[in-house]
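Novice: Please see the structure below; I have some questions.
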Amino acid sequence: QVQLVESGGGLVQPGGSLRLSCAASGTIFRLHRMGWYRQAPGKQRELVATITKSDSTNYAGSVKGRFTIFRDSAKRTVYLQMNSLQPEDTAVYYCKAETDYGMDYWGKGTLVTVSS
């Protein structure tokens, strides 16, 4: 079992920045990839960024160059640094953990609202 707790969401003006955190606990030594996904109102959940245990990263085209995913293994935490935020980035952001035994785990999400 893996437990994920997201934090760091909130209200920010266009052009602003936020940093999301995802703290993992449980059987984390079986994790091979973690990522951030988001779901805007009325839309399907979509990939934002992922990072593997070897620190290989992948980004959605819409966030490339603005968002950065990174992790702190000692703190068992994955971060998403979001810069130059735009209203279209408004969504609930979810953390996902993928294990090497085929199970995926999700956090409950944190709301990011970009508005003036």
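The values are calculated or read from the model by the stated rules, or taken from the named source; none is laboratory data. All of these numbers come straight from a predicted model, not from anything done at the bench. For neighbour counting, all protein chains shown are included, and Cβ atoms are generated from backbone atoms with ideal geometry for every residue, glycine included. Just the protein is used for accessible areas: all its heavy atoms, side chains included, with ligands, DNA and RNA removed. Shrake-Rupley method; radii C 1.70, N 1.55, O 1.52, S 1.80 Å.
Novice: Given the criteria modelled with pLDDT of 95 or more and hydrophobic (A, V, I, L, M, F, W, C), does LEU31 qualify? So that I can check it myself, show each step before the final result.
Specialist: Values: modelled with pLDDT of 95 or more: no; hydrophobic (A, V, I, L, M, F, W, C): yes.
Considered against the rule, which asks whether it is modelled with pLDDT of 95 or more and hydrophobic (A, V, I, L, M, F, W, C), LEU31 comes out as no.
Novice: Same structure again: Would region 69-92 turn up any residue that is over 13 Å from the mean Cα position of the chain (by Cα), closer than 11 Å to ARG38 by Cβ and of a type in the set (S, T, N, Q)? First the steps, then the outcome.
Specialist: Initially, region 69-92 is screened for residues over 13 Å from the mean Cα position of the chain (by Cα), giving 72-76, 83-88, 90.
Of the ones still in play, those that are also closer than 11 Å to ARG38 by Cβ are 88, 90.
This time we only want the ones that are of a type in the set (S, T, N, Q), so: 90.
Yes, the conditions are met somewhere in region 69-92.
Novice: Could you run through region 69-87 and say how many residues are within 18 Å of GLY10 (Cα to Cα) and either open to solvent by 20 Å² or more (accessible area, probe 1.4 Å) or not in a strand (DSSP E or B) (or both)?
Specialist: Residues in region 69-87 being within 18 Å of GLY10 (Cα to Cα) and either open to solvent by 20 Å² or more (accessible area, probe 1.4 Å) or not in a strand (DSSP E or B) (or both): 7 in total.
Novice: Let me ask something else. Just to check your reading of the model, which residue among LEU18, LEU11 is under 20 Å from SER115 (Cβ atoms), at pLDDT 95 or above and surrounded by 15 or more Cβ atoms within 10 Å (Cβ to Cβ)?
Specialist: Numbers: LEU11 fails: surrounded by 15 or more Cβ atoms within 10 Å (Cβ to Cβ).
On inspection, the qualifying residue turns out to be LEU18.
Novice: Tell me, yes or no, whether region 21-34 has at least one residue that is under 21 Å from ALA60 (Cα atoms), over 11 Å from the mean Cα position of the chain (by Cα) and crowded, with 19+ Cβ neighbours inside 10 Å.
Specialist: So in region 21-34, the residues under 21 Å from ALA60 (Cα atoms) come out as 21-22, 32-34.
Next cut, over 11 Å from the mean Cα position of the chain (by Cα) only: 32-33.
Still in the running and crowded, with 19+ Cβ neighbours inside 10 Å: none.
No, there is no match, as no residue in region 21-34 is under 21 Å from ALA60 (Cα atoms), over 11 Å from the mean Cα position of the chain (by Cα) and crowded, with 19+ Cβ neighbours inside 10 Å.
Novice: Could you list, in sequence order, the residues of region 100-113 that are open to solvent by 10 Å² or more (accessible area, probe 1.4 Å) and either touching a helix residue (DSSP H, G or I) at 6+ places or on another chain (Cβ under 8 Å) or outside any loop (DSSP other than H, G, I, E, B) (or both)?
Specialist: Once the filter is applied, which keeps residues that are open to solvent by 10 Å² or more (accessible area, probe 1.4 Å) and either touching a helix residue (DSSP H, G or I) at 6+ places or on another chain (Cβ under 8 Å) or outside any loop (DSSP other than H, G, I, E, B) (or both), region 100-113 yields ASP100, TYR101, ASP104, TYR105, TRP106, THR110, LEU111, THR113.
Novice: Find all pairs meeting these conditions: Cβ atoms under 6 angstrom apart; at least six residues apart or on different chains; first residue within region 42-61 and open to solvent by 90 Å² or more (accessible area, probe 1.4 Å); second residue of a type outside the set (D, E, K, R) and at pLDDT 95 or above.
Specialist: Filtered contacts from region 42-61: ARG45/TYR37; ARG45/GLN39.
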